[in-house]
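Notes follow the structure.
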Amino acid sequence: MFKVIQRTVGPASLSLLTFKVYASQKKDSAHKTSVKVNELSLYTVPEGQSKYVEEPRTQLEESISHLRQYCKPYTSWCQEMYSQTEPKMQSLVHWGLDSYEYLQNAPPGFFPRLGVIGFAGIVGLLLARGSKIRKLVYPPGFMGLAASLYYPQQAIVFVQVSGEKLYDWGLRGYIVIEDLWKENFQKPGNVKNSPGNK
């Protein structure tokens, strides 16, 4: 494409002399035009019109589609229930593994205490014969009494917390009953028997 012409001054043995190099186009080469990027074969998109044709659905595909539409509410309900119960089940499994590990490395005297507390629950169940309320009260009460003998600090904390909760529930119940009393029995139309109207 280009022809290099050298011009030097002096003999070739004098290497310190400067010389110039000129580049020029060959006179005999044909004039070519530059090629554009979209003209390269790598970048060409084949000309052709493709059309998507959907195949007709078979009877089996139709029945599966109807079955899926029928089962969709049930599967969404199952997924929702699974997402709600999964954390609870994971925490339950974690608690079970922790309890198993604790029982494998139990402190000395733990199992005899556990036996006494369980025996107190059985005694409470035997003493509660005949009444359903006694069956609900005696076994947990006896077990709590036996546990408080072995674990007094935890029993005090439990009684304090449960006492505060019972007081809070009682106060809320009193407020609700008082509001209901004021709404239903002290209306202006129900003032017949009040002390001011004699």
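The values are calculated or read from the model by the stated rules, or taken from the named source; none is laboratory data. Because the structure is a prediction, the values reported are computed rather than measured. A quick note on method: Cβ atoms are made from the backbone with ideal geometry, for glycine too, and the neighbour counts reach across all protein chains shown. SASA here: full protein model, heavy atoms, side chains in, ligands and nucleic acids out. Shrake-Rupley method; radii C 1.70, N 1.55, O 1.52, S 1.80 Å.
Would you mind classifying segment 71-198 by shape? Square roots of the alpha carbon gyration tensor eigenvalues, ordered a ≥ b ≥ c; an a/c under 1.5 is rounded, otherwise it is prolate if a/b is larger than b/c and oblate if not. Oblate, since a/c reaches 1.5 and b/c is not below a/b. In nm, what is the difference between 0.36 nm times the number of residues separating residue 145 and residue 50 and their Cα-Cα distance? Full extension from residue 145 to residue 50 adds 25.8 nm. Distance between the 7 Å Cα→Cβ label points at residue 186 and residue 123: 5.1 nm.
Using the Cβ-Cβ distance between residue 88 and residue 167 with R0 set to 41 Å, the FRET efficiency works out to roughly 0.90. In the assembled protein chains, residue 54 presents an accessible area of approximately 130 Å² (probe radius 1.4 Å). Note on residue 102 and residue 136: the extension gain reaches 9.3 nm, defined as 0.36 nm multiplied by sequence separation minus the Cα-Cα distance. Classify segment 111-159 as rounded, prolate or oblate from the Cα gyration tensor: take a ≥ b ≥ c as the square roots of its eigenvalues, call it rounded if a/c is under 1.5, otherwise prolate when a/b beats b/c and oblate if not. Here segment 111-159 falls in the oblate category.
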